[in-house]
Structure formats: C-alpha cells, structure tokens
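Since the structure comes first, as structure tokens, the remarks are kept for the end.
The values are calculated or read from the model by the stated rules, or taken from the named source; none is laboratory data. Remember, it's a predicted structure, so these values are computed and weren't measured experimentally. Cβ atoms come from the backbone with ideal geometry, glycine included; neighbour counts cover every protein chain shown. We work out accessible area using only protein heavy atoms, side chains counted, and drop any ligands, DNA or RNA first. Shrake-Rupley method; radii C 1.70, N 1.55, O 1.52, S 1.80 Å.
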Amino acid sequence: MINLNIEKTLGFVSMESVNAYEAEVMAAQEALEKGTRPGNDFLGWLHLPSSITKEHLADLKATAQTLRENCEVVVVAGIGGSYLGARAVIEALSNSFTWLQEKNETPVILYAGHNIGEDYLYELTEYLKGKKFGVINISKSGTTTETALAFRLLKKQCEDQRGKEMAQKVIVAVTDAKKGAARVTADKEGYKSFIIPDNVGGRFSVLTPVGLLPIAVAGFDIEKLVAGAAAMEKACGLDVPFAQNPAALYAATRNALYNSGKKIEILVNFNPKLHYVSEWWKQLYGESEGKENKGIFPAAVDFSTDLHSMGQWIQEGERTIYETVISVEKVSHKLEVPTDSENLDGLNFLAGKRVDEVNKMAELGTQLAHVDGGVPNIRVVIPSLSEESIGELLYFFEKACGISGYLLGVNPFNQPGVEAYKKNMFALLNKPGYEEASKAIQARL
Ligand code: PA5
C-alpha cells in the first residue's frame, strides 16, 4: 500500500495547523459522499473502483484482444482527461524501449488528438502508412476539435488502407451514450463503443473505458489496476480516522502549506516512467482548483534529469514552493555498476552497487538539500511500478483532490475557464454559429 509522509513539511507548517483541518476535511468527505456541495453531479468517480463489474472488465478485455490481434499500432485519440490517464498508466508500466523493436507481441500505442500540430499529424500519418493500425477515439463531448480533427484523418486513412470492413473492426469509440459527433459516427459506422458515464468528468475518468481500454490494449492487467484503486478507496473511506487517511492528510497538508504562502506544488519523480503520471496529476489539480483567482499551481519535474535544469530555481529561487515526491520503493530490474580496473571515470566507489541505490541517494540528498533550502517536502512512497500500486496512486490523488478543492472553497468538478480559448478559436476560424463573435474578434486584431 502506498505510504504518505508529511514529516518534512513540519518545519514549515505545524502539525497543529494540519490537524486544524480535520473537521473541514470530514465535512468535505461527507459532502462528497452525500453530494451536498457544488459539482455533485460529477461524483461518479468516488465509488467507481469498487463498483466496476467483472462483466464490464471482460467486455473491455475482449475488445482490447480484438485490437491486439488485428493491429500493429493502435492510435489513442483524445485530449486532456480523455488522454492523460491512459498515457500515464501505460508509460508507467511499459518497458521504455520494446516499442522500438521491429516485431512486438503488443501493438505500439501512439497518441493523437492532443494537439493541432500539422507536422505531428503529418508525421504520424506517414508512419502509419502500410501499417495495420486501429484507433480508439475518445471524447466525452464527442465534439472536441483537436480530437475530432485527428480522428477525421485517422478514420479516412484506416478505411483507405485496411478497407471499410476491417476499419469497422479496429476503430472503437469511447464517448457519451447519446450525444456528440463521436456517438453519431460510431452508431452510423457500427463501431464497437463504450460509454463514459455522465457523472464522471474527464480528469476523473481514468478508471472508465477512457483509460481502461487503451491500458488493456497495451497489455496491462486492468483487473489489478482497479483492485489497487479499490483498496485505496477503502483506505481513504469516510470511516478511516483523519491521521490514517492518506487522502485526508495530503489534502489538509497542501492547504496548510498554501495558506502559509506556498503557492506552487511541484510533483517530483525519480523515475522517468512517471512523467505522464505528473502530466495527469497537473490536469487533475490544475483544472479542479485553479478558479476564482485561487488555487495551488501544479508543476512537475523529473529528477534527477531536471536537477540539472530546474534544480537551481528549486534550491534558491522564490520560497513559494513545496515538493511532493513520488518515490518508487522497489524497481523492477537489477543492474549493478561494474568495476573498471582503470577507473578512469573515478566511479569505482560505486562498483557493485545497484543503480537504484545511487538513485535513492540522489533522492535522499535532494530531499535534505531542498528542505534545508526552504522547500517543504511531502513523500508518497509506492511499493513498485505495478498495476496495483498505480491504481492506488491514481485513486489517492483523485480523492485528495476532491477533498482539497472543497477545503479551498471551489467547485473541484467544473472547468468553466477552458471554454475561453475555444470561443476565440471558433470565432477566428468562422465556425457556423460564431458570426457575431467573428466580427467582434476581427475588430480587435
Ligand atoms: O477534464 C476535462 O474536462 C477536459 O480535459 C476534457 O477531458 C478534454 O477537454 C476532452 O474533452 P472531451 O472528452 O469532451 O473530448
């Protein structure tokens, strides 16, 4: 089970100030359970892990198997909450290099619909030429421009390359039950489709088919992932005392730090496979809390890589930051530093040591240096990069986010601010229905 350690924040905020949140945390948890605060129509994630049925998982696994059998490459098309959860889990669990091999048992997973880069999409479509590829088109609204644009290109290419009949087999939609263009297309073309529940918002949707289908296609055990999340659902339950509830304690600590002037939280990892977990986490907290001119700014770094770039700022820059380190207790492989008789690089003092021991000392040394430099440090220790641990981690952050947003006094489940750029973009592109906005925006240029 993952372990939360807030000890190294206590020189900056007192245990009393953290414990002072206990009643508010309890009220926030009750509000989540009873649905009595704003955002109560988006609480479907709260007991999702414990309510996913074996039949649902079997359906997902069967579709994943169809894609695995018929595709060398599967492109996951989606953005934001319809993209980051799948990528976070897949990259955390994947071997970093096997996808470069000529022949793979598992389809290579690529991503699209998360940008509007013409070069990216051109290069992707070039790479897919002649390849047996499939597409998972993921969009809750079914109308997101980035995803719809990429899917238009991929659908055409898949049909042209593989024929209409095979395309129908290897294109799968994950979208709303009734509305949106992705639903209309899936129904008309006869694609296999999965429903994103109405009451689960994008950034909380990793344990719906949004995340589970791509993760299963990538060859990972979605039952174990869900079991890990369900164990954490229990560990963060309403009946668990404040001091033993990791989500409650994390939410309270980050709010205590925020109110003491620490406005930026940096999520740190010492394992490059966790890069996209940080990207997922940034969306989860950024979109949930950054509103009404409030909210901790969620940033992320990969150490030790970024100790050679952002390390200086973190050590000596403005003291408005704190770190939350995800520490992986046990790595999956063993690699020792070899002895070198000439010792030209002077590294024989490391000979015989595991590479992970060096990494762990970098981690410990960094923690001490940053705490000395005025950066409070929260530690989240996960036993290993396994499906169970990642499932636990995802649910832990989700539950803490719901509590934390309510402590901050915002609705953690809406995202009114993401519409502003879309309105302008549609006006600039003369989308039908935006005539007045087009005139107004042209006048500003
Ligand atoms: O969390 C969110 O609501 C967003 O990040 C959405 O997931 C993202 O904009 C994609 O939306 P959709 O799934 O409707 O295409």
Overall form of the range 48-220 per C-alpha gyration tensor (a/c, 1.5; a/b vs b/c): rounded
The range 8-41-the range 112-157 distance, computed between alpha-carbon centres (Å): 41
In nm, spacing of pseudo-spin labels at LYS188 and GLU55 (7 Å Cα→C-beta vector): 3.1
Whole-number percent relative contact order across the chain, with pairs defined as alpha carbons under 8 Å at least 6 apart: 23
Probe 1.4 Å, all protein chains present, accessible-area order of ASP302, ASP239, ASP221, largest first: ASP239, ASP221, ASP302
Ranked by how many other beta carbons lie within 10 Å on average, peptides 413-422, 283-292 from highest: 283-292, 413-422
For the chain, built as a Gaussian network whose Cα springs stay under 10 Å, the top-fluctuating residue of ALA251, ALA231, ALA20: ALA20
Highest average packing first - 373-379, 391-397, 3-9, 338-344, Cβ atoms within 10 Å: 391-397, 373-379, 3-9, 338-344
Spin-label zone in the range 155-179 - amide nitrogen under 13 Å from a point set 7 Å from the Cα of LYS131 along the C-beta vector: 158
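Relative contact order for the range 48-220 using alpha-carbon pairs under 8 Å, separation at least 6, rounded to a whole percent? Don't skip to the end; give the middle numbers.
On the way: 278 pairs, mean separation 56.0, N = 173.
In percent, rounded to a whole number, it is 32.
Expected output is a single nm value to one decimal: the length gained when fully extending between SER438 and TRP99, i.e. 0.36 nm times separation in residues minus the C-alpha distance. What is it?
On the way: separation 339, 0.36 × 339 = 122.04 nm, distance 4.47 nm.
That works out to 117.6 nm of additional length.
How high is the FRET efficiency from LEU429 to SER384, r the C-beta distance, R0 41 Å, rounded to 0.05? Don't skip to the end; give the middle numbers.
Numbers: r = 47 Å, r/R0 = 1.14.
For LEU429 and SER384, the calculated efficiency is 0.30.
For the range 289-399, with all protein chains present and a 1.4 Å probe, just round the carbon and sulfur fraction of the accessible area to a whole percent. Present the calculation step by step, with values, prior to reporting the outcome.
On the way: 3030 of 5610 Å².
Of the solvent-accessible surface of the range 289-399, carbon and sulfur hold 54 percent.
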Net charge of Cβ neighbours under 13 Å - reference GLU357; Lys, Arg +1; Asp, Glu -1: +1
Carbon plus sulfur fraction of accessible area for the range 48-220, probe 1.4 Å, in percent: 53
Surface accessible to a 1.4 Å probe, per residue, for the residues of the range 8-133, Å²: 52
Residue-span extension gain [ALA177 to ASP119] - 0.36 nm each, minus C-alpha spacing: 17.6 nm
GNM top mover of THR324, THR66, THR144 - the chain, alpha-carbon springs below 10 Å: THR66
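By how many nm would the segment from GLU33 to ASN3 grow when fully extended, if each residue of separation counts as 0.36 nm and the alpha-carbon distance is taken off?
8.4 nm
Using the Cβ atoms and a cut-off under 15 Å, what net charge is assigned to the surroundings of ILE441, where Lys and Arg are +1 and Asp and Glu are -1?
Numbers: positive: LYS422, LYS423, LYS431, LYS439, ARG444; negative: GLU419, GLU435, GLU436.
Neighbour charge sum, excluding ILE441 itself: +2.
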Centroid-to-centroid separation of the range 388-445 and the range 204-277 [C-alpha atoms, Å]: 21
Among TYR191, TYR21, TYR122: highest mean-square fluctuation, GNM of the chain, C-alpha pairs under 10 Å: TYR122
